[in-house]
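The values are calculated or read from the model by the stated rules, or taken from the named source; none is laboratory data. Note that the structure is a prediction, hence the values are computed from the model and not measured. Here the Cβ positions follow ideal geometry from the backbone for every residue, glycine too, while neighbour counts run over all protein chains shown. For the accessible areas, the whole protein counts, side chains as well, though only heavy atoms, and no ligand, DNA or RNA atoms are used. Shrake-Rupley method; radii C 1.70, N 1.55, O 1.52, S 1.80 Å.
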Amino acid sequence: MQPSASSSAPSPAPSAAPRFDERLTAPRSWWVIAGLLGLSGGLILFPLGTVPMLGGLIVAAVLAGAAVSSYGSARIRVVAGSLVAGDARIPGSALGSAEVLDAEEARAWRTHKADPRAFMLMRSYVPRAVRVEVTDPADPTPYVYLSSREPEALVEALDAVRADSGDGR
């Protein structure tokens with residue numbers, strides 16, 4: 001009896017655990033470019049001596065690395081009945097259907113099919129995406145466009161959240 005009581009106590013924790021969690025990290029080539037920018041910062045200050053050269057190398061490398069890290073820190077999560085993408089948090093009850101976009105269709109939704117009112121968390125180095133309709137009548141956002149390396153898993157998590165929020169109505 002006691003083991004079953006202790007196993008039922010942690011049940012709220014899995015509901016708070018993310019159903020989907022993805023960080024859209026920058027590709028390795030961008031880190032190489034950041035290193036080369038640091039090297040160029042050092043080379044620019046090379047005529048001034050060793051200490052300014054090292055200072056320029058360090059400062060330029062840190063600034064370039066911070067820029068790449070900041071841009072590559074975008075996160076997409078499905079947690080606690082909500083979709084959290086970057087700064088946006090959308091409850092499951094406001095989510096409509098979600099569709100996986102292949103590379104060609106994702107490019108179309110980023111360009112000529114794009115709606116200026118849509119929320120877009122896109123990264124050019126991630127070719128596939130997910131498009132999720134927003135069904136909240138008070139929200140002018142027609143859909144959410146999310147770049148994703150695992151779009152099928154994201155759609156599954158969103159479908160599960162929508163099903164859970166549908167049961168709660």
Original post:
Across segment 80-98, what is the number of residues that are out of contact with any Leu (no Cβ under 7 Å at 6 or more places or on another chain) and in contact (Cβ under 8 Å) with a residue 24 or more places away in the chain?
Top reply: 10
Original post:
Residue check, VAL79 against (1) open to solvent by less than 60 Å² (accessible area, probe 1.4 Å); (2) touching a Gly at 6+ places or on another chain (Cβ under 6 Å), all met but one. Which one?
Top reply: (2)
Subject >> Criterion violated by SER70 - all others in (1) more than 27 Å from ASP164 (Cα to Cα); (2) polar (S, T, N, Q); (3) more than 17 Å from the chain's Cα centre (by Cα) satisfied >> reply: (3)
Subject >> The listed residue being open to solvent by 10 Å² or more (accessible area, probe 1.4 Å), out of contact with any His (no Cβ under 9 Å at 6 or more places or on another chain), closer than 21 Å to SER29 by Cα and not hydroxyl-bearing (Ser, Thr, Tyr), out of ARG131, ARG149 >> reply: ARG149
Original post:
For segment 47-68, how many residues meet the condition of being part of a helix (DSSP H, G or I), exposed (fewer than 11 other Cβ atoms within 10 Å of the Cβ) and either in contact with a helix residue (DSSP H, G or I) (Cβ under 9 Å, 6 or more places away or on another chain) or not aliphatic (A, V, I, L, M) (or both)?
Top reply: 2
Original post:
Of the residues that sit in segment 49-74 and are closer than 15 Å to THR25 by Cα and not hydrophobic (A, V, I, L, M, F, W, C), which one is modelled with the highest pLDDT?
Top reply: GLY65
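Conditions (1) in contact with a Lys or Arg (Cβ under 7 Å, 6 or more places away or on another chain); (2) in contact (Cβ under 8 Å) with a residue 40 or more places away in the chain; (3) under 18 Å from ASP21 (Cβ atoms), marked per residue:
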{"position": "ARG110", "(1), (2), (3)": "no, no, no"}
{"position": "ARG117", "(1), (2), (3)": "no, no, no"}
{"position": "ALA138", "(1), (2), (3)": "no, no, no"}
{"position": "SER148", "(1), (2), (3)": "yes, yes, yes"}
{"position": "VAL155", "(1), (2), (3)": "no, yes, yes"}
{"position": "ASP159", "(1), (2), (3)": "no, yes, yes"}
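Here's the yes/no breakdown for (1) under 15 Å from TYR145 (Cα atoms); (2) open to solvent by less than 40 Å² (accessible area, probe 1.4 Å); (3) in a strand (DSSP E or B); (4) at pLDDT 95 or above:
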{"site": "SER15", "(1), (2), (3), (4)": "no, no, no, no"}
{"site": "PRO18", "(1), (2), (3), (4)": "no, no, no, no"}
{"site": "LEU39", "(1), (2), (3), (4)": "no, no, no, yes"}
{"site": "LEU83", "(1), (2), (3), (4)": "yes, yes, yes, no"}
{"site": "SER93", "(1), (2), (3), (4)": "no, no, no, no"}
{"site": "ALA106", "(1), (2), (3), (4)": "yes, yes, no, no"}
{"site": "PRO116", "(1), (2), (3), (4)": "yes, no, no, no"}
{"site": "VAL126", "(1), (2), (3), (4)": "yes, yes, no, no"}
**OP:** Confirm whether SER97 is on the phi < 0 side of the Ramachandran plot, out of contact with any Cys (no Cβ under 7 Å at 6 or more places or on another chain) and at pLDDT below 90.
**Re:** no
